[in-house]
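Notes to accompany the following structure.
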Amino acid sequence: PGFFDNVKVLVEEGEIPQSRIDHAVSKILYAKFQLGLFENRYTSQEVVDNTLLNKAHRDLALKTAQKSMVLLKNNGVLPLKQGVERILVTGPNADHQALLGEWARVQPDNNVITVLEGINQQYGAASTIEHVAIARHELISAAELSAVSQSAEQADVVIAVMGENSLRFDANKTSAENVDRPTLDLVGNQIELLKNIKASGAKLVVVLVNGGPIASEWLTENADAILEAWEPGMYGGQAIAETLVGKVNPAGRLPITVPRSVGHLQSFYNHKPSAFHRGGFYLSSRKPLYYFGYGLSYTTFDYRNLTVPETMTTKDSLTMTVDIKNTGEMDGDEVVLIYINDKVSTVTTPVRKLVAFKRIHLKRGEQQTVSFTIDNKDFELLDRHMKPVVEPGEFEIIIGDHVKVATVIAQD
């Protein structure tokens, strides 16, 4: 309250330059000009179709969704084979526009491909795709639980699309702005639904549609496969289905650390060395469910011939190379992550810090030499005087399972 009046006064008094206001609103005004809103304040469907929903934008939406898939677990059930006789698709997000996420209005059906629609696109008449609808995320009825159990007993594979609903104008939203979650587990009795499916004996493939982390030890231990799909947008259902059947080889990596519970919230990859030296939690491991940077693939990659200079000065950047080979049976992307660790320093530094990454595509059997240059500033720390400095000493260069030591010597 009062924000705009006070800002206006500060601009008039010269405390805030008008150029700062121009900069803040320029992108919004530019978007409005592109949409023709200054000529016609009500955008026509034609403008929406030609400007926002043109082919280039749709193709980018699909590509973005495909690249964001993170495979968290797979005991061999994925990718699903063609010819699976009976597939049950269920869960509150199976045929739901929660794929769009927060700050999105419900769209016309032809603008969104749900997971159920995506699965139907991938299978022909040889497979029976059954759908048991779940009306709400937080309260799955006894009748719905019973229907899923009965159908699961007849299914070879159950694809359970679980998670959150953050649609802004949905009365049944379970997360996002103004709807804080008191737990990081699946809301309501979604786990009960999954336990019933597990008891049926069918293979359980769980797809998570969510904006924040889902922390469930039961899910991690009992699902046959888990695909983290986030809130993948209009073409999310197609991207999910293509990933499940192997047309897309998942290569996404977690941009967060997923804790075991809300009580494990101090879970992050770049912690101080002494952060967890006093042991674990009572009746629980202190280790997170999944680390930052984690993600599986349908193929395997071998890292070899890591080349790192043994010494550098405090003014140098560091150039390194590594050979990466696709040793599995499928083409796929690999996300190469480079971390460093300052082994001894005058102030405490993280156990590892991400300094570079690249996403590369390798065909089956293909090998590629990948090079990185780690900028000098990435070796800096803020000393006790809060000045950025590169201190002489040893730095660990970490890539995959490989660790190399580079020694920084004093500048002459």
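The values are calculated or read from the model by the stated rules, or taken from the named source; none is laboratory data. Since the model is a prediction, treat every value here as computed from it, not as a measurement. Ideal geometry is used to build each Cβ from the backbone, glycine not excepted, and the neighbour counts take in all protein chains shown. Note: areas computed on protein heavy atoms with side chains; ligands, DNA, RNA excluded. Shrake-Rupley method; radii C 1.70, N 1.55, O 1.52, S 1.80 Å.
Computed quantities for the displayed model
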item	result
Candidate set: the range 197-228, residues that are in contact (Cβ under 8 Å) with a residue 12 or more places away in the chain and among the charged types (D, E, K, R); chosen: the one most open to solvent (accessible area, probe 1.4 Å)	Lys203
Residues located in the range 307-333, provided they are within 18 Å of Gly393 (Cα to Cα) and among the basic types (Lys, Arg)	Lys315
Qualifying residue in the range 59-74 (condition: under 30 Å from Lys358 (Cβ atoms) and among the acidic types (Asp, Glu))	yes
The one condition in (1) hydrophobic (A, V, I, L, M, F, W, C); (2) in contact with a helix residue (DSSP H, G or I) (Cβ under 9 Å, 6 or more places away or on another chain); (3) surrounded by fewer than 20 Cβ atoms within 10 Å (Cβ to Cβ); (4) in contact (Cβ under 8 Å) with a residue 24 or more places away in the chain that Leu244 fails to fulfil	(3)
Test set (1) of a type outside the set (D, E, K, R); (2) open to solvent by 60 Å² or more (accessible area, probe 1.4 Å); (3) touching a strand residue (DSSP E or B) at 6+ places or on another chain (Cβ under 6 Å); (4) under 30 Å from Leu78 (Cβ atoms) - Thr311 fails condition number	(4)
Residue list for the range 106-121, restricted to those being of a type in the set (S, T, N, Q), without any contact (Cβ under 8 Å) to a residue 24 or more places away in the chain and either open to solvent by less than 40 Å² (accessible area, probe 1.4 Å) or under 15 Å from Leu53 (Cα atoms) (or both)	Asn110
Given (1) outside any helix (DSSP H, G or I); (2) open to solvent by 90 Å² or more (accessible area, probe 1.4 Å); (3) at pLDDT below 90, number of the condition Lys81 does not satisfy	(3)
Enumeration of residues in the range 248-274 that are aliphatic (A, V, I, L, M) and part of a loop (DSSP other than H, G, I, E, B)	Val248, Ala251, Leu254, Ile256, Leu265
Filter result (surrounded by 12 or more Cβ atoms within 10 Å (Cβ to Cβ) and farther than 30 Å from Asp323 by Cβ) within the range 274-304	Ala275, Phe276, Phe281, Ser284, Arg286, Lys287, Pro288, Leu289
Checking Leu194 against (1) modelled with pLDDT of 95 or more; (2) under 27 Å from Asn75 (Cα atoms); (3) open to solvent by 40 Å² or more (accessible area, probe 1.4 Å), the condition it does not meet	(3)
Out of Gly124, Gly188, sole residue that is surrounded by fewer than 19 Cβ atoms within 10 Å (Cβ to Cβ) and either of a type in the set (S, T, N, Q) or touching a His at 6+ places or on another chain (Cβ under 9 Å) (or both)	Gly188
Residue satisfying all of: in the range 89-105; in contact (Cβ under 8 Å) with a residue 40 or more places away in the chain, assigned to a loop (DSSP other than H, G, I, E, B) and closer than 20 Å to Asn120 by Cβ; most open to solvent (accessible area, probe 1.4 Å) among these	His96
From Tyr269, Tyr235, residue being within 23 Å of Val161 (Cβ to Cβ), open to solvent by less than 50 Å² (accessible area, probe 1.4 Å) and of a type in the set (Phe, Trp, Tyr)	Tyr235
Filter pass, Lys173 being modelled with pLDDT under 95, surrounded by fewer than 22 Cβ atoms within 10 Å (Cβ to Cβ) and either of a type in the set (Lys, Arg) or not assigned by the TED database to the domain that holds Pro79 (or both)	yes
Conditions (1) at pLDDT below 95; (2) farther than 21 Å from Leu289 by Cα: number failed by Thr183	(2)
Matching residues, the range 132-165, being part of a strand (DSSP E or B) and buried (at least 17 other Cβ atoms within 10 Å of the Cβ)	Val132, Val157, Val158, Ile159, Ala160, Val161, Met162, Gly163
Thr64 surrounded by 13 or more Cβ atoms within 10 Å (Cβ to Cβ), outside the structural domain of Val112 (by the TED database) and at pLDDT 95 or above	yes
Output for the range 331-372, where each listed residue is of a type in the set (Phe, Trp, Tyr) and either more than 30 Å from Pro79 (Cβ to Cβ) or open to solvent by less than 60 Å² (accessible area, probe 1.4 Å) (or both)	Tyr339, Phe372
